[in-house]
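Here's the structure, in C-alpha cells; my notes come after.
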Amino acid sequence: MKGLITMDDLTNEDILSILDDASRLLPVARGETYLPLLEGKILGNLFFEPSTRTRMSFETAMKRLGGDVVNLGDVKTSSVVKGETLFDTIQMVDGYTDIIAMRHPRQGAARYAQDAARVPILNGGDGAGHHPTQTMLDLFTILQSHGTLEGLTVVLAGDLRYGRTVHSLSHALVRFGCKLILSSPDLLRMPPEIIADLREHGADVIETEDLLGNINDADVVYMTRIQKERFADEDEYTKVAGAYKLHARDVANVKAEMIIMHPLPRVDEIHPSVDSTRHARYFEQAFNGVVARMALLCRLLNIEVPAEIHGGEA
Amino acid sequence: MADEHNMRRVTAIRNGTVIDHIPSGQSLKVLELLNIARDTSVPVSLVMNVPSKKMGSKDIVKVEDRELTQTELDRLALVAPDSSIAIIRAYTVAEKLEVNLGNEVRNVVQCTFSNCITQNLREPLAHRLRVTSTDPLTLRCHYCQRPQDLDELIHNLL
C-alpha cells in the first residue's frame with residue numbers, strides 16, 4: 001500500500017489490523033503516555049480548502065507520536081494563487097516531507113497527487129469524492145461500540161450526494177456485509193454509480209426519503225449535514241432539512257445499543273437533547289480521528305505499532 | 001457481394017488505410033478521433049449508411065497514402081470498437097489490423113466530469129480513463145473515478 005486515496009486501497013484485513021493498532025494507541029492519543037514512534041518524520045498538511053477536525057487531528061496524531069508537521073497555510077497566500085499546478089506543489093512538498101495529508105476541492109486530486117509523489121498521500125477529502133481517513137475513524141467508532149463491523153444495519157442520512165464521508169463509508173460497510181439504508185431527500189440521493197458499485201459487491205441497499213421510519217431497526221444511524229446552498233430556494237431547504245433531524249424523543253424506541261454518529265460540524269441535524277442519550281457517539285467519533293490517523297500514519301510510514309502499550313508510563 | 005459492392009462505391013485506393021464496419025453515422029467521429037478531419041494533405045473518402053450483412057448498415061473510411069499506426073487505430077475503440085482495418089499497398093491488402101482498446105485509454109480524451117482535477121489542462125500528468133467493461137463500453141476516469149458519457153466524451157478529444 002503506497003497511500004490511502006479510496007477505501008479500495010485497503011483490504012478488510014488491512015482495515016481490521018489498522019483499527020487494532022489504533023485501539024492500542026489510545027493511551028498515546030489521550031496523552032497518558034508518550035511514544036515517539038514517528039520521531040524525525042515530517043507530515044505535510046496540504047489543505048486547499050477549509051478543514052478543522054481533519055487537519056487538526058492529523059497534526060495532533062503526528063505530534064503525539066513525536067513527529068513534526070509542516071502546513072501549506074492559507075491557500076490565498078500560497079503559490080497556489082499564483083497559478084501553480086497541483087503537480088508542482090506536490091513536487092515541492094514531496095521533497096520536504098515523509099508523508100502528505102491533503103484536501104482539495106477537485107475530485108481525483110488525491111489520486112493525481114499520489115501519481116505525482118514519491119511519499120504516501122493520505123486523502124483527507126477530494127471534492128465530493130472520498131474521505132477514507134474519516135471512514136477509518138468511523139469504523140473504529142462502530143467497532144468500539146458493537147465489537148464487530150460485520151452484518152450491521154446502518155442508516156446513512158442527509159446529504160448522500162455531495163457528502164464524501166458517506167461515499168467512502170458505504171463502500172467499506174458493504175465489504176463487511178452491512179445492510180445500508182440510504183435516507184436522503186430526492187435531490188441529495190447517493191450518486192447512481194456508487195449505488196451500482198455497492199450492489200456489485202452484493203450489498204443489501206435500500207433507498208428511502210424516510211428517516212424516522214427506519215431508525216428502530218438500525219445498529220448505527222450516521223447523520224450528515226444538509227447544506228443550504230444545495231437548494232434553489234430557502235423554503236425548499238427548510239422543508240427538506242426538517243425531515244432529517246433527530247431529537248431525543250425520536251430515539252425512544254430504538255435498539256439499546258444503537259449509536260448515532262456525525263462527521264461534524266452539525267447544524268440542526270442532531271438536537272442537543274440527543275447529546276445526553278446513551279446513543280450519542282459523535283464527540284467520541286471526533287476524538288477517534290486522532291487515534292485512527294495515528295495508526296494510519298504508522299502503517300503508511302512502515303512503522304510497527306508495539307503489541308503492548310501501557311498507559312500512564314513515560 | 002454486398003460488401004464488395006460497397007467497397008466499389010469509392011474507387012479502390014492504391015496505398016493507404018481502409019476502415020470498414022464503422023457503425024452507421026460514426027465515420028465523422030472516426031475522422032475526428034484520428035485527427036484526419038483537419039489534415040488536408042491526404043485524400044480521404046467517406047461512405048456512409050451503406051448496407052452491411054453483419055451490421056445492417058455501416059460506414060467506411062478510406063485514407064490514401066497514409067498507414068495508420070496501431071496506436072492511432074486504438075482510439076477508434078471509443079466509437080467503432082468492432083471496425084476492421086486493412087492496410088493497402090499496391091491495391092492489395094497487405095495487413096489486417098484490429099482495434100485493441102486495452103485496459104486504459106491514455107491521453108486521447110479528457111474526463112467529462114466538470115470538477116475533475118484533470119479539468120486544469122496545465123496539469124501535466126496523463127489523462128487516463130480505465131476500461132471497466134468492453135461490451136457495452138464503459139470507462140471511468142483513473143483520478144475522479146466518474147463513469148464517462150461516451151457521447152459527451154467524443155467532444156473532449158485532446
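The values are calculated or read from the model by the stated rules, or taken from the named source; none is laboratory data. Given the structure is predicted, the values throughout are model-derived calculations rather than measurements. Cβ sites come from the backbone with ideal geometry, for glycine too, and all protein chains shown count toward neighbours.
Key figures
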item: The listed residue being hydroxyl-bearing (S, T, Y) and within 22 Å of A:T85 (Cβ to Cβ), out of B:T112, B:T69; result: B:T112
item: Single condition B:L125 does not satisfy, out of (1) touching a strand residue (DSSP E or B) at 6+ places or on another chain (Cβ under 7 Å); (2) buried (at least 17 other Cβ atoms within 10 Å of the Cβ); result: (1)
item: Residue within region B:65-86 that is free of Cβ contacts under 8 Å to residues at least 24 places away in the same chain and away from every other protein chain (no Cβ under 14 Å) present; result: yes
item: Residues that are under 23 Å from the mean Cα position of the chain (by Cα), in a loop (DSSP other than H, G, I, E, B) and at the interface with another protein chain (Cβ under 7 Å from one of its Cβ atoms), drawn from region B:112-141; result: B:F113
item: Those residues of region A:12-66 which are modelled with pLDDT of 95 or more, of a type in the set (D, E) and within 20 Å of the chain's Cα centre (by Cα), in sequence order; result: A:E13, A:D14, A:D20, A:D21, A:E59
item: In region A:56-104, the residues that are in contact with a strand residue (DSSP E or B) (Cβ under 8 Å, 6 or more places away or on another chain), among the hydroxyl-bearing types (S, T, Y) and within 14 Å of another protein chain (Cβ to nearest Cβ); result: A:T89
item: Subset of region A:111-124 that is part of a strand (DSSP E or B) and more than 13 Å from chain B (Cβ to nearest Cβ) - its residue that is farthest from A:V154 (Cα to Cα); result: A:L122
item: Unique match (being at pLDDT below 95, under 25 Å from B:A37 (Cα atoms), crowded, with 18+ Cβ neighbours inside 10 Å and in contact with a Lys or Arg (Cβ under 8 Å, 6 or more places away or on another chain)) among B:V79, B:V109; result: B:V79
item: Matching residues in region A:172-188 - criterion: being crowded, with 18+ Cβ neighbours inside 10 Å and either assigned to a strand (DSSP E or B) or charged (D, E, K, R) (or both); result: A:R175, A:K179, A:L180, A:I181, A:L182, A:S183
item: Search result, residues across region A:77-105 that are in contact with an Asp or Glu (Cβ under 7 Å, 6 or more places away or on another chain) and either of a type in the set (K, R) or not assigned by TED's automatic domain parsing to the domain that holds A:G67 (or both); result: A:R103
item: Residues being among the β-branched types (V, I, T) and within 13 Å of A:D68 (Cβ to Cβ) - total across region A:22-47; result: 1
item: Single condition B:L137 does not satisfy, out of (1) in contact with a helix residue (DSSP H, G or I) (Cβ under 7 Å, 6 or more places away or on another chain); (2) buried (at least 18 other Cβ atoms within 10 Å of the Cβ); result: (2)
